[in-house]
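The structure appears below as structure tokens.
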Amino acid sequence: MLNSEKVGNEFYQSLGKLYYAMAMTDGMVRPVEVERLRKYVRQHWLDVDGMEDEFGTDSAFQIEIVFDWLQEEKKVGSTYFSDFEEFYKEHPEKFGPKVTKLVIETADSIASSFAGKNMSEMVFLRQLKDLLNN
């Protein structure tokens, strides 16, 4: 695997972690949050760069794969924002204006999908916006 492909896959994996952390801010991932994530991956993320993983599948599906794995393993979500932040700081070139906007829109959509945004989700979104718009 070429280094650019590796970084591309890590990019989408870090997004899976970020969106899992977003869904887990209130301690529970709800089915409607998973549905919203899948909708955004299919309607928006698949068109971002056309990069494929080693199996010939669009790398954007790594978002769902990582999210599903973390959910299945019942991982605590709070640590995964830091993982995303670390990737962002190591690879800021992956986050142009279009991608940054989509990262925030996807997180906001997940937060809004169940009974509006609660305080922990609003704090999470503020931290994400501060990170990406610094």
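Values for this structure:
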quantity	calculated
C-alpha center-to-center spacing [the stretch 1-65, the stretch 67-119] in angstrom	9 Å
Compactness of the chain as Cα Rg over 2.2 N^0.38 Å, two decimals	0.97
Cα-based Lys pair tally, the chain, threshold under 13 Å, eight or more apart or on separate chains	4
Residues 20, 12, sorted so that the one with the fewest Cβ neighbours within 10 Å comes first	12, 20
Expected 222 nm ellipticity per residue - DSSP helices of 4 or more, -39500 (n - 2.57), all of the chain, to 500	-21000 deg cm²/dmol
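A short reminder: the numbers here are calculations on the coordinates, not readings from a lab. Just so we're clear, the structure is a prediction, and the values are computed from it rather than from any experiment. When we count neighbours, we look across all protein chains shown, and the Cβ atoms used for this are built from the backbone with ideal geometry, even at glycine.
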